[in-house]
Amino acid sequence: MKIFIDTADLAEIKDAFSWGIVEGITTNPSLMKKAQDKQGGTNLEEYVKKILVASRGTPVSLEVLGGTAEEMYAQGKKLYSKFKNYGAVVIKIPVNPSVDDNSKVHYEGLKATKMLSEENIPVNVTLVMTPEQALLAAIAGATYVSPFAGRIDDHLRKQRGKEFGKLDYFNKHGIKDSKGNLITDTGLVSGVHLINSIASIFRNYNFKTQILAASTRNARQVREIAEAGAHIATIPFPVLKEMIHHHKTLEGMKAFTDDIVPEYRKLFE
Ligand code: G3P
């Protein structure tokens, strides 16, 4: 499984890439806003170019604004042509983006995905919350689908009111409520289960579309996402750090350091 970094924060991107294990970047309007706020406002076009340069030729997802298929297609083309000389731009299209003033939902994401994919512009279909959405996105020609694991867990928690707090983890087997019933939403017991299900479907039909597990919230979830067979997990920098930490590792390092005798140091001279 590849690791992407889920941030638009240039300092985090540079730091994470320096570790030598990151192979792509995902951004969205919220992450761009967070990065801009931190900078105290910035020329976003120049900032995006810097992100692309920092990406060292790996895929960088940039999201459209939404709207009709034609609008998203035009926005995707614009982003692609504007930034493609700076890095490997991937256009992020929400799977089901548009609700009009009469609360009517428009299914424009798939159309835009097909239009861009047919022109060999790589598309990352985002905000995927069900295996069915992922299946349709794959048929439409998406290069990546982004199932939002953490947000499915949020949703399952919310359904149960105060019974579960933010730190309760919905693992791959799901968790039970106080009456012993497994908590599900349309058969999904967790965000990891969502990814597991998509992986089975894609394997059954040899889809080339890659599963880019998103909305990752902690190290254990990333582990279970890897077990589930995601091709990529996009991970916020703090979670990436959490994946490396273990108190026994730190304890072990301290003990080794305490045991270094002068003769051992001489080996490095
Ligand atoms: O890649 C999607 C991600 O940025 C959303 O994460 O934690 O806001 O659900 P989160």
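Computed quantities for the displayed model
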| read-out | value |
| --- | --- |
| Members of segment 155-175 found to be surrounded by 17 or more Cβ atoms within 10 Å (Cβ to Cβ), aliphatic (A, V, I, L, M) and out of contact with any strand residue (DSSP E or B) (no Cβ under 7 Å at 6 or more places or on another chain), listed by number | 175 |
| Cβ pairs under 7 Å, 6+ apart, first in segment 145-171 and in contact (Cβ under 8 Å) with a residue 40 or more places away in the chain, second among the charged types (D, E, K, R) and buried (at least 17 other Cβ atoms within 10 Å of the Cβ) | 150/217; 171/224 |
| Test: residue 147 is within 16 Å of the ligand (Cβ to nearest atom) and under 26 Å from residue 190 (Cβ atoms) | yes |
| Residue in segment 216-229 that is farther than 28 Å from residue 17 by Cβ and either in contact (Cβ under 8 Å) with a residue 24 or more places away in the chain or not aliphatic (A, V, I, L, M) (or both) present | no |
| Within segment 144-167, tally of residues that are over 25 Å from residue 223 (Cβ atoms) and either among the hydrophobic types (A, V, I, L, M, F, W, C) or modelled with pLDDT of 95 or more (or both) | 0 |
| Segment 97-136, residues that are in a strand (DSSP E or B), out of contact with any Gly (no Cβ under 7 Å at 6 or more places or on another chain) and surrounded by fewer than 19 Cβ atoms within 10 Å (Cβ to Cβ) | 99, 105, 106 |
| Test: residue in segment 137-152 that is in a helix (DSSP H, G or I), farther than 22 Å from residue 29 by Cβ and touching a helix residue (DSSP H, G or I) at 6+ places or on another chain (Cβ under 7 Å) | yes |
| Identity of the residue in segment 8-26, in a loop (DSSP other than H, G, I, E, B) and in contact with a Lys or Arg (Cβ under 8 Å, 6 or more places away or on another chain), that ends up surrounded by the most Cβ atoms within 10 Å (Cβ to Cβ) | 8 |
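Conditions tested, residue by residue: (1) more than 18 Å from the chain's Cα centre (by Cα); (2) under 28 Å from residue 195 (Cβ atoms); (3) within 16 Å of the ligand (Cβ to nearest atom).
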position	(1), (2), (3)
2	no, yes, yes
24	no, yes, yes
30	no, yes, yes
36	yes, no, yes
39	yes, no, no
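The values are calculated or read from the model by the stated rules, or taken from the named source; none is laboratory data. Just so we're clear, the structure is a prediction, and the values are computed from it rather than from any experiment. Here the Cβ is made from the backbone with ideal geometry for all residues, glycine too, and neighbour counts use every protein chain on show.
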